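The values are calculated or read from the model by the stated rules, or taken from the named source; none is laboratory data. Note that the coordinates shown come from a computational prediction; the quantities given were computed from them, not determined experimentally. Here the Cβ positions follow ideal geometry from the backbone for every residue, glycine too, while neighbour counts run over all protein chains shown.
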There are 2 protein chains.
Amino acid sequence: MSRKVPAGPEPQYLKVKNFLREGISSGRWVAGDLLPSEAELGGQFELSRMTVNRALRELTQEGLVERVQGVGTFVAQLHRISSTLTVRDVHDEIAERGHQHEARVQLLEKTKATAEQAAEFGLRAGAVLFHSVIVHLENGVAIQCEDRLVNPACAPDYLALDFASTTPTNYLLQVAPLSEARYTIESTLPSDAEAKLLGIARRDPCLVVKRTTYSHGQTVTTVRLTHPGSRYLLQGSFQA
Amino acid sequence: MSRKVPAGPEPQYLKVKNFLREGISSGRWVAGDLLPSEAELGGQFELSRMTVNRALRELTQEGLVERVQGVGTFVAQLHRISSTLTVRDVHDEIAERGHQHEARVQLLEKTKATAEQAAEFGLRAGAVLFHSVIVHLENGVAIQCEDRLVNPACAPDYLALDFASTTPTNYLLQVAPLSEARYTIESTLPSDAEAKLLGIARRDPCLVVKRTTYSHGQTVTTVRLTHPGSRYLLQGSFQA
DNA sequence: GAGTGGTCTAGACCACCTT
DNA sequence: AGGTGGTCTAGACCACTCC
């Protein structure tokens, strides 16, 4: 068992992972099948149990297999195609495509929280919130309208910032370490104001991402990101 | 160092993970900061390096920290809020909400591939494809129109199936082990046919998921899932 | 050369499930 | 009792980076 582990280009645990991945995606094992135990795989590959364990643990986390203590490892039901959807800072996203980003600040003001907003921020109705509306352009074309409410307790100098150079997302992540976020994605029509700002018709469908982020258990900000359906889509992929 | 590791309710590596997570979400360490090395953490917690390594490895995979060999472990830039978006079988999704699912088969036919479709399936133009259109209802309300093309080579008996009892997604996952999938999510208007089938107006925005799945390097199926924007949304969350 | 992370081992103890 | 996975150790060698 004392192999001179070359630790070459491909680690041993990856060989095990690939062996199993291959077996699953080729149909050699199908959903529900019992896979070889750690001991068996360790024998076949001449590896210690810890190394095999790592391979199987990672496959579990990737959702490809399911493990039951005392029973064994099974091929997972792949009834869910899950993948990492990344909601990112617009600036980064545009920059990564090699395009030019421009932000136009349409509004930057203090406002008083409605009862609903106050509840979301854990403040009392009428408390002061910061409110900004910014249109983001990619190579001169409006692709996102960002309508945001900010908790002044988390970012007291929000109104004094220059959003032509930093995005609110970027700034807020710096002043308030992100601990949790919730979002929804839906398809709706833009408001009159949004349609005007984005240069689209009132009846053009939009992809709307609503997001609330928390830090230290406090609500930092809520944002509504409206994207013209004709100019924006989310994409992702899944790999077995 | 020979502690009687109680392996109690909380594993040791989780203690390390939680310690670091807490430090990051509380702002004790901010993006870019250098975290204690494996050796340091091992000393503080009286753990072996392997155990600490596991904690840090998992945090890396969760996107919370970044590691550079020979340099150290740093708090990651949380410029991306990523979470697992799960695109699931409609039936499961509805059943999980405790609601009733009904599938109405609107169309089930052979068709000849257009040049574009043929290219997607790796077949020649005019090759036979199976085509189905099914409307899915949740408690009697149409929430999804599923327009699907299927590669006959992967599911020869597709046309003979009873989709009132099994969904195409479910069936196809069984006959063709999923190896890869790609999808996009966008906001558009429904076609005339879709609007009619979903019982909505032609100008009601829809959330459309397009998905192509592969098995053994073959294209198994392409599907367009159209959801009335007023009745469907995707949601997710992110936890630091 | 000293410090870092990346990997691997050959044991170990435990909890759990099946028999 | 015997097999399974879940965790942990105290070493080890390597590749990499920084000084």
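Please count how many residues of the range B:43-56 are near DNA strand C (Cβ under 8 Å from one of its atoms) and loosely packed, with under 15 Cβ neighbours inside 10 Å.
The number of residues fulfilling the criteria is 2.
If you take the residues of the range A:114-136 that are of a type in the set (A, V, I, L, M) and in a strand (DSSP E or B), which of them is nearest to A:Gly98 (Cα to Cα)?
A:Val135
Let me confirm something: among A:Leu34, A:Leu78, A:Leu20, A:Leu56, which residue is modelled with pLDDT of 95 or more and within 13 Å of another protein chain (Cβ to nearest Cβ)?
None of the other options fit; the residue is A:Leu20.
Can you name every one of the strands (runs of 3 or more DSSP E) wholly within the range A:137-240 that holds 1 or more residues which are more than 10 Å from chain B (Cβ to nearest Cβ) and farther than 21 Å from A:Arg97 by Cβ?
A:141-150, A:218-228
Each row is one residue, and each column tells you yes or no for (1) farther than 30 Å from B:Thr213 by Cα; (2) assigned to a loop (DSSP other than H, G, I, E, B).
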site	(1), (2)
A:Lys17	no, no
A:Leu20	no, no
A:Ile24	no, no
A:Pro36	no, yes
A:Gln44	yes, no
A:Glu58	no, no
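Would a scan of the range A:160-168 turn up a residue that is buried (at least 21 other Cβ atoms within 10 Å of the Cβ), more than 30 Å from B:Gln144 (Cβ to Cβ) and either out of contact with any helix residue (DSSP H, G or I) (no Cβ under 9 Å at 6 or more places or on another chain) or of a type outside the set (A, V, I, L, M, F, W, C) (or both)?
Filtering the range A:160-168 down to residues buried (at least 21 other Cβ atoms within 10 Å of the Cβ) leaves A:167-168.
In the following step, the residues that additionally are more than 30 Å from B:Gln144 (Cβ to Cβ) were identified as A:167-168.
Of the ones still in play, those that are also either out of contact with any helix residue (DSSP H, G or I) (no Cβ under 9 Å at 6 or more places or on another chain) or of a type outside the set (A, V, I, L, M, F, W, C) (or both) are A:167-168.
Yes: one or more hits.
Confirm whether B:Arg203 is surrounded by 15 or more Cβ atoms within 10 Å (Cβ to Cβ), farther than 19 Å from B:Lys110 by Cβ and either in contact (Cβ under 8 Å) with a residue 12 or more places away in the chain or not assigned by TED's automatic domain parsing to the domain that holds B:Arg104 (or both). Even if it seems obvious, please write down each step before you answer.
Details: surrounded by 15 or more Cβ atoms within 10 Å (Cβ to Cβ): no; farther than 19 Å from B:Lys110 by Cβ: yes; either in contact (Cβ under 8 Å) with a residue 12 or more places away in the chain or not assigned by TED's automatic domain parsing to the domain that holds B:Arg104 (or both): yes.
Judged against the criteria, B:Arg203 is not a match.
Scanning for something over 16 Å from B:Thr188 (Cα atoms) and modelled with pLDDT under 95, does the range A:184-201 turn up at least one residue?
Within the range A:184-201, one or more residues are over 16 Å from B:Thr188 (Cα atoms) and modelled with pLDDT under 95.
Residue by residue through the range B:28-42, note down the ones that are of a type outside the set (Asp, Glu), surrounded by 14 or more Cβ atoms within 10 Å (Cβ to Cβ) and within 10 Å of DNA strand C (Cβ to nearest atom).
Matches in the range B:28-42: B:Leu35, B:Pro36, B:Ser37, B:Leu41, B:Gly42.
Would you call A:Thr114 under 30 Å from B:Tyr183 (Cα atoms) and more than 27 Å from the chain's Cα centre (by Cα)? Give the steps one after another, and end with the answer.
Values: under 30 Å from B:Tyr183 (Cα atoms): no; more than 27 Å from the chain's Cα centre (by Cα): yes.
Answer is no for this residue.
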